[in-house]
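None of the figures in this text is laboratory data; all of them are computed from the coordinates on show. Everything numeric here is computed off the predicted structure, so don't read it as measured data. No Cβ is skipped: glycine too gets one built from the backbone with ideal geometry, and neighbour counts run over all protein chains shown.
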Amino acid sequence: MKKYKIKDLMVPLSNYAVIPKDATIFEAVMALEKTQLTFNQNSYPNRAILVEDSDGNIVGKLSQLDILRALEPKYAEIKSEMPGMANYGFSKQFLLSILETYQMFDKPLNDICKKTSMRKAFEYMHCPTEGEHINADDSLDQAIHILIVENHQSLLVTKEKKIIGILRLTDVFAYISQQMKECNF
């Protein structure tokens, strides 16, 4: 795997949903849908949207979960009051009680169109850390190590400090699965 490079497995930016920083949640969803309609049938569809600044630099990533969070702004309150609560092993009953306590989704998606057209994607995007980047010329074993140790779903791929693509866990797993099949025949 040391011979196999990240650039051989990454999805280039040209094949990924990329939106400007000031785009709305609705525009993000439409960009993702567009790339999913045109994706290569031999690969997994994209499940995130990359966000770029006015200079064309990638500054964030918006996942499907981030988009769902944008529908109910009260999730931001919970996150600030109880950071990382999912890691504490609370019961399903307790987690559902939060829904009632905070009166979340009290208007069950009635104004979804209003919410998605007004909210900006950058408010909900994840800003990748240095640990979520990998060089295009690095080896696949390095990427696997980072994916496992840091528990990431993807890594941004760089060349000369510029983001040129994304390495997705699904693609790495598909490659490894294929290698397993080949060596067991």
Determine the gain in length on full extension of the stretch Lys3-Met118; use 0.36 nm per residue of separation and subtract their C-alpha separation, reporting nm with one decimal.
36.7 nm
Return the whole-Å distance between the Cα centroid of region 17-37 and the Cα centroid of region 110-168.
15
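How long is the gain from Thr129 to Arg47 if the chain were fully straight, where each residue apart is worth 0.36 nm and the alpha carbon distance is subtracted?
On the way: separation 82, 0.36 × 82 = 29.52 nm, distance 1.93 nm.
Result: 27.6 nm gained on full extension.
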Taking 25 Å as R0, compute the FRET efficiency from the Cβ-Cβ separation of Lys159 and Lys21 and round it to 0.05.
0.70
Treat every Asp and Glu Cβ in region 105-185 as -1 and every Lys and Arg Cβ as +1, leave all other atoms uncharged, and give the resulting dipole magnitude about the Cα centre to the nearest 20 debye.
540
Taking a straight Cα-to-Cα line shorter than 15 Å from Lys21, and setting aside same-chain aspartates and glutamates fewer than 8 residues away, one finds Glu52, Asp53, Asp55, Asp66, Glu123
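Show me 117-125, 170-178 ranked by packing, highest mean number of other Cβ atoms within 10 Å first. Please report the intermediate quantities before stating the final value.
On the way: 117-125: 17.8, 170-178: 14.1.
Descending packing order for the listed peptides: 117-125, 170-178.
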